[in-house]
Amino acid sequence: MCATTHPSASFSATLRVHLTNRPGSFALLAEAIGEAGGLLDSIDLVRVEHGKKIRDVSVLASDKGHLDRIVGAVRALDGVEVEHVSDRTLLMHLGGKLEVVSKAPLKTRDDLSMAYTPGVARVSQAIADDPAKVWNLTIKNNTVAVVTDGSAVLGLGDIGPAAALPVMEGKAILFKEFGGIDAWPVCLATKDADEIVRIVSAIAPVFGGINLEDISAPRCFDIESRLRNELDIPVFHDDQHGTAIVVLAGLLNALTVVGKRLEDVCAVITGAGAAGAATARMLVSAGAGEVICCDRQGTLYPGRAALDPFKAVLADETNPRRLRGSSDDALAGADVFVGLSTPGAVTVDGIRAMGDDAIVFAMANPTPEIAPEEIEGMAAVVGTGRSDYPNQINNVLAFPGVFRGALDVRATAITREMELAAAHALAAAVDREHLEPDYIIPSVFDKRVSAAVSAAVSEAAQTGGVARRERDVTAAVA
């Protein structure tokens, strides 16, 4: 059984309707929308004409098919004419979501002569004489490239670089809104790992950091590793490490709620791709008692047939008891389940077999591995990747602060210690006295989060010797 997707703004539309001007006409419209399972969001009067009113009615649906059914139900009403239907999400994306805005005024000839020729030549010469000045005199100090090949975009799979662009634009907006960072999409028309490494290395002088995004496994591991070796700026595959940071933060607080210690628990992870592998390694680094990874064929263990080289390494690093069997088998008596896979990866019986005060993070999106409604009363704490359930485990809680902290000290890399510091800072953003089973992770709109994470990351970078300078607390962007 899959989770029922609730109506949300992501599948919403504005219907311009002509209503006969008679008592109860709008009530019939509202009733039709409700009976079709839609939610009324907003109602605006556009104008009044002879014998009718024209209104813009915004409705929320659960998916495109549901939205079509709602519109069909409205069209079927007597005395109602649907003039047009506007998809609100598509409207938001018209013309793209980003623009370049100048920080320097160009009002006079003097302005022009300093911002461009001849004055800019002196700035270029200053950088040529002292390359470190590129950090002070250009956008490099606050700019991140969001790089993808479009091979593993959200739940859509390999849709290519053009179709990936709206997602990368959205990522850039999150960088700006939550980290004060200027990020730019770089969508590459190649899936060749050598070519991706070459291109990113070639454009790196412009950027203070590289965020790899939606690149399929196992190529993403190789690409990130090679870029980290070649470049002297942070390279961070958010699908891996951003996920791992937020999972660890949520788990630390969930364990506090149930009164358990990380070093005493057994955690089972379904999904051995980018996010699953990184999360497993993060939990091991943080001191988890036992971590068991599963893919579609069951648990990973050394010597299992048909393991690719990346899964073989992961098998060596996890599952210390060398447990064999299905993901449900692995869950027997386990304390924690982390789903980074697909709907149906575990069953209700598997969750029921977990230990007392179980913690379940079912993070497949939009449909979790198992619906929270199906396991009500079986787990003490439940989290998902969705915003319409409590405890949303969302990467936006991590990556803006991680890059903010790295840029503030001009870090040469993002280390495991910086990631662990980010996770602990994120967990601490929820006061211990306020922790509850349905409140283990802060809201993505909590402005304290990015500031706390960035400060912890900067400090870890300085301690770890990868900072070019000390963090300027007065100048750091929260």
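General remarks:
- Filter result for I173 (open to solvent by less than 10 Å² (accessible area, probe 1.4 Å), touching a residue at least 60 places away in the same chain (Cβ under 8 Å) and on the phi < 0 side of the Ramachandran plot): no
- In segment 363-379, residue nearest to I245 (Cα to Cα) [restricted to those that are outside any helix (DSSP H, G or I) and open to solvent by 40 Å² or more (accessible area, probe 1.4 Å)]: N365
- Taken together, L77, L19 contain a single residue that is in a loop (DSSP other than H, G, I, E, B) and in contact (Cβ under 8 Å) with a residue 24 or more places away in the chain, which is L77.
- Which listed residue, of I43, I70, is of a type in the set (A, V, I, L, M) and either touching a His at 6+ places or on another chain (Cβ under 9 Å) or open to solvent by less than 30 Å² (accessible area, probe 1.4 Å) (or both): I70
- Flag for K103 being touching a residue at least 24 places away in the same chain (Cβ under 8 Å), in a loop (DSSP other than H, G, I, E, B) and either farther than 30 Å from I375 by Cβ or under 37 Å from the mean Cα position of the chain (by Cα) (or both): no
- Scanning segment 141-168 for residues that are closer than 26 Å to A104 by Cα and surrounded by 19 or more Cβ atoms within 10 Å (Cβ to Cβ) yields a total of 4.
- Residues of segment 200-221 that turn out to be crowded, with 16+ Cβ neighbours inside 10 Å, in a helix (DSSP H, G or I) and either touching an Asp or Glu at 6+ places or on another chain (Cβ under 8 Å) or not basic (K, R) (or both), as a count: 4
- Candidates R281, R304 - the one that is charged (D, E, K, R), without any contact (Cβ under 8 Å) to a residue 60 or more places away in the chain and not in a helix (DSSP H, G or I): R304
- For segment 45-73, a residue qualifies if it is in a strand (DSSP E or B), in contact with a Ser or Thr (Cβ under 8 Å, 6 or more places away or on another chain) and within 11 Å of L15 (Cβ to Cβ), and the qualifying residues are D56, V57, S58, V59.
- One residue alone among D182, D149, D192 is closer than 16 Å to V235 by Cβ and at pLDDT 95 or above, and that residue is D149.
- Just one residue in the set A305, A286, A312 is of a type in the set (A, V, I, L, M), open to solvent by less than 60 Å² (accessible area, probe 1.4 Å) and farther than 26 Å from K260 by Cβ; that residue is A312.
- Unique residue being under 21 Å from A428 (Cβ atoms), touching a His at 6+ places or on another chain (Cβ under 9 Å), modelled with pLDDT of 95 or more and not in a strand (DSSP E or B) when the list is A254, A244, A249: A249
- Whichever residue in segment 238-262 is open to solvent by 10 Å² or more (accessible area, probe 1.4 Å) and among the hydrophobic types (A, V, I, L, M, F, W, C) and, among such residues, is farthest from V360 (Cα to Cα): L262
- All conditions but one from (1) closer than 30 Å to V348 by Cα; (2) surrounded by 15 or more Cβ atoms within 10 Å (Cβ to Cβ) apply to G65; the one that does not is (2).
- Verdict on G383 being touching a strand residue (DSSP E or B) at 6+ places or on another chain (Cβ under 7 Å) and not in a helix (DSSP H, G or I): yes
- Search result, residues across segment 291-302 that are open to solvent by less than 40 Å² (accessible area, probe 1.4 Å) and either at negative phi or under 23 Å from the mean Cα position of the chain (by Cα) (or both): V291, I292, C293, C294, D295, T299, L300, Y301
- Flag for G38 being within 30 Å of E374 (Cβ to Cβ) and without any contact (Cβ under 8 Å) to a residue 12 or more places away in the chain: no
- Close pairs from segment 458-474: first basic (K, R), partner open to solvent by less than 100 Å² (accessible area, probe 1.4 Å) and in a helix (DSSP H, G or I), Cβ under 6 Å, at least 6 apart: R471/D408; R471/S458
- Selection count, segment 319-362, where residues are hydroxyl-bearing (S, T, Y) and either part of a strand (DSSP E or B) or surrounded by 23 or more Cβ atoms within 10 Å (Cβ to Cβ) (or both): 2
- Flag if G271 is in contact with a Cys (Cβ under 7 Å, 6 or more places away or on another chain) and either more than 20 Å from A358 (Cα to Cα) or open to solvent by less than 50 Å² (accessible area, probe 1.4 Å) (or both): no
- Looking only at residues in segment 419-478 that are more than 12 Å from G405 (Cα to Cα), among the acidic types (D, E) and not in a loop (DSSP other than H, G, I, E, B), the one that is most open to solvent (accessible area, probe 1.4 Å) is E433.
The values are calculated or read from the model by the stated rules, or taken from the named source; none is laboratory data. As the structure is a computational prediction, the values presented were derived from the model and not from experiment. Heads up, the Cβs are rebuilt from the backbone with ideal geometry, glycines too, and the neighbour counts pull from every protein chain shown. Note: accessible area is taken over every heavy atom of the protein model, side chains too, but ligands, DNA and RNA are not part of it. Shrake-Rupley method; radii C 1.70, N 1.55, O 1.52, S 1.80 Å.
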